[in-house]
Amino acid sequence: MAKKKTTTETKEFQAEVKKLLDIVIHSLYTERDIFVRELVSNAADALEKFRHQSLLEEEVFDSHVPLEITIDVDDKNHTLTIIDTGIGMTREELEANLGTIAHSGSNTFLAELAEAAKKDISLIGQFGVGFYSAFMAGQKVRVLSRSYIPDAEGYEWSSDGSGSYTLTPEKGLRRGTKIIVELKDDAHEFADEAKIKQIITQYSNFVPFPIKVKGETVNTVQALWKRNKNEIKEEEYTEFYKFIGNAFDDPRFRLHFTADAPLAINALLFVPQENIERLGFGRMKSGVNLYCQKVLIEQHSENILPEWLRFLKGVVDSEDLPLNISRQALQDSALVAKLKQVLTKRFLKFLEEQAKEDAEKYNQFFADFGIYLKEGATMDYAYRDEIAKLLRFESSKSEPGKLISLTEYVERMAEGQKEVYYINGPSRAAAESGPYVEAFRKKDIEIIYTLEPIDDFVMNHLGEFDGKKLMSADRADLDLSAIKSEEKPEDKEKGASLEPEVVKSLTTWIKDALAGRVKEVIVSKRLVDSPAIIVNPDGYMTSTMERVMQAARLEKGEPFQETGSKNLEINTDHPLIKQLSLLRGTDEDFAKNVIEQIFDNAQIQAGLMVDPRKMVERNYKILERATKS
Ligand code: ADP
Ligand code: MG
């Protein structure tokens, strides 16, 4: 005892460390769990370092001891002990590592830390101060360490965090480091076995060394994403997916990738079999966890991938991130933003590769998960080119149920065609039988069928593809005249056309009859079989978009309302329009009923809502007259 006293040396902490400890001890109360994560992470680092060093050295101390982390809890004496068989520290290293902060601009950093601590944001370790977090829960911390260097001596480092620490030689230590945290009165929970197990499974589960609590290994899964792809078995991937995704299915796609530049990234991402949101489980949380050097930084990270990729499960690990970066700092970090961009682009590229490799499998993915890409197209301008390539649609030249890409569409565009055409409909059959495709059919021009309401928003946000404007076929300024194609022969006898003056007076009359309901009345160049069609003047939303708005208004209990912002095109070669022109002179009131009915029919074909009560009443009037003998 007497001998030991004489060899104990007391040392002052570096001024910066004192300040830091003051903040840690007096200002950081929240998220104290993280100190366990810090110490385990240091233990894992020490094991990693030893593993590497033992490959380089001829001789190491205690070469036989297994590489592992042992955690002991003593709920009588209120201590938590973390033992590793890693690289250990010499006396000099103890002094340098646990007595100073090796940090450039420590003063700024301390000021920032103090500021953050005032706001009660836990960001200990964000600046690499991990070890000192032990003083969040410990009234005294003892570090017993023995370096791997064969002739090194063991030492005990000890401190209550209040300005100085002691160093005492300690005989008989094994290689590695043992950290004994004597817990504060309000931190006894950290001597609870269950609590410690919970923290470890939550934060350190993928530490690639066994973590043993009472002899039992509590971390179950290895850091698979860090391993060489060629050495990983299919089942291991699947097991890992099930573990991190809480899933029961097998993954549909898997992307395991490693990059060194521009950022160090190890990512393992999975696309599940099931789209849970579509099964009616509500909005998903992000399924990707963010790690730094195998230590969990953020579970279900909302920072590492855009929200519209929330269906992905997996892990992203980047060594470039500071360990324990706080939530707030994650959101603001330029590094994280860059990481997110790199990952997103890589994943979208991966999907493109998959589509090339196995189109059928990709299309099935698109059928189940395409809605997320569409969400991305409407929300994230930055990736619209990449997303546009991944979209799939039915078209007038695809078999029903078969999907094509915009790339395919562009490849087979007709001579003189400069735009990509699409039309929305509730189903393919509805789109095909509607008036909008008549001109396309006649000129044999391909038209895409967008069958989901969101599609028009997607097309609208994309604006163009491969330099070609995306154009809804219900637009007033649709002009197919420059496109060279073989017109299909007319199969109907047209009869004599209306005189130009007659047409002019008819359109004026229609505009009056539909006052407030229509913007312009125009003679159609596109219609073949239908008498009339609703089209959208430039700058207005497509009918589908308007229908979505209408539905939203009705849901809120607002009364049905027509915007009167659409144009009506009439087909002056159609018998009904010709007869209407005559009817004006003989029975104008009835002619008004007829044009209103034509207008409503056209609205229905456009997918717009009409006032059913008025329409049915009028319809009966027309039928009554039609059945009169
Ligand atoms: P960081 O881990 O970011 O370097 P820490 O404050 O957590 O910062 O640790 C400071 C240093 O102390 C580490 O870099 C390491 O050199 C040393 N250290 C801490 N814990 C251990 C340990 N269990 N074994 C060996 N060295 C350790
Ligand atoms: Mg550390």
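For the reader, a short list of remarks on this structure follows.
- The test for being at positive phi, within 16 Å of ligand 2 (Cβ to nearest atom), crowded, with 18+ Cβ neighbours inside 10 Å and more than 37 Å from the chain's Cα centre (by Cα) does not hold for Gly161.
- Residues in the stretch 147-168 that are assigned to a loop (DSSP other than H, G, I, E, B) and of a type outside the set (Ser, Thr, Tyr): Ile149, Pro150, Asp151, Ala152, Glu153, Gly154, Asp160, Gly161, Gly163.
- Considering the stretch 318-375, the residues that are among the hydroxyl-bearing types (Ser, Thr, Tyr) and out of contact with any strand residue (DSSP E or B) (no Cβ under 6 Å at 6 or more places or on another chain) include one that is nearest to ligand 2 (Cβ to nearest atom), namely Ser326.
- Positions within the stretch 385-430 being within 26 Å of Asp477 (Cβ to Cβ) and of a type in the set (Lys, Arg), in sequence order: Lys397, Arg412, Lys418, Arg428
- Any hit, the stretch 220-227, residues being out of contact with any Phe, Trp or Tyr (no Cβ under 7 Å at 6 or more places or on another chain), buried (at least 20 other Cβ atoms within 10 Å of the Cβ) and in a loop (DSSP other than H, G, I, E, B): no
- Any hit, the stretch 551-564, residues being of a type in the set (Phe, Trp, Tyr) and modelled with pLDDT of 95 or more: no
- Residue in the stretch 21-67 that is farthest from Asp192 (Cα to Cα), counting only those that are without any contact (Cβ under 8 Å) to a residue 12 or more places away in the chain and more than 14 Å from ligand 1 (Cβ to nearest atom): Glu58
- When Ala46 is tested against (1) at pLDDT below 85; (2) hydrophobic (A, V, I, L, M, F, W, C); (3) within 14 Å of ligand 2 (Cβ to nearest atom), only condition (1) is not met.
- Filtering the stretch 454-464 for residues that are surrounded by 13 or more Cβ atoms within 10 Å (Cβ to Cβ), on the phi > 0 side of the Ramachandran plot and not in a strand (DSSP E or B) leaves an empty set.
- Scanning the stretch 72-126 for residues that are modelled with pLDDT of 70 or more, within 16 Å of ligand 1 (Cβ to nearest atom) and at positive phi yields a single hit, Gly88.
- Restricting attention to the stretch 431-475 and to residues that are under 19 Å from Gln417 (Cβ atoms) and of a type in the set (Gly, Ala, Ser), the residue that is farthest from the chain's Cα centre (by Cα) turns out to be Ala439.
- Criterion violated by Lys171 - all others in (1) part of a loop (DSSP other than H, G, I, E, B); (2) within 16 Å of ligand 1 (Cβ to nearest atom) satisfied: (2)
- In the stretch 28-83, residue surrounded by the most Cβ atoms within 10 Å (Cβ to Cβ) [restricted to those that are hydroxyl-bearing (Ser, Thr, Tyr) and assigned to a helix (DSSP H, G or I)]: Ser41
- Residue in the stretch 575-582 that is part of a loop (DSSP other than H, G, I, E, B), over 37 Å from the mean Cα position of the chain (by Cα) and not assigned by TED's automatic domain parsing to the domain that holds Ile423 present: no
The rows are residues; the columns are (1) touching a Ser or Thr at 6+ places or on another chain (Cβ under 7 Å); (2) polar (S, T, N, Q).
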position: Arg146; (1), (2): no, no
position: Gly172; (1), (2): no, no
position: Thr177; (1), (2): yes, yes
position: Phe190; (1), (2): no, no
position: Gln198; (1), (2): no, yes
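- Residues located in the stretch 433-449, provided they are of a type outside the set (D, E, K, R) and either assigned to a helix (DSSP H, G or I) or surrounded by fewer than 18 Cβ atoms within 10 Å (Cβ to Cβ) (or both): Ser433, Pro435, Tyr436, Val437, Ala439, Phe440
- Among the residues of the stretch 597-609, just one is surrounded by fewer than 18 Cβ atoms within 10 Å (Cβ to Cβ) and under 16 Å from Ala626 (Cβ atoms), namely Gln597.
- Cβ-Cβ under 9 Å pairs, at least 6 apart or on other chains, the stretch 520-535 side not assigned by TED's automatic domain parsing to the domain that holds Glu596, far side at pLDDT below 95 and of a type in the set (S, T, N, Q): none
- All positions within the stretch 84-98 that are touching a Gly at 6+ places or on another chain (Cβ under 6 Å), part of a loop (DSSP other than H, G, I, E, B) and within 16 Å of ligand 2 (Cβ to nearest atom): Gly86, Gly88
- Residue within the stretch 255-270 that is in a loop (DSSP other than H, G, I, E, B), in contact with an Asp or Glu (Cβ under 8 Å, 6 or more places away or on another chain) and either modelled with pLDDT of 80 or more or over 23 Å from Asn219 (Cα atoms) (or both) present: yes
The values are calculated or read from the model by the stated rules, or taken from the named source; none is laboratory data. None of these values were measured; they are calculated from a predicted model. We place every Cβ from the backbone using ideal geometry, glycine too, and count neighbours over all the protein chains shown.
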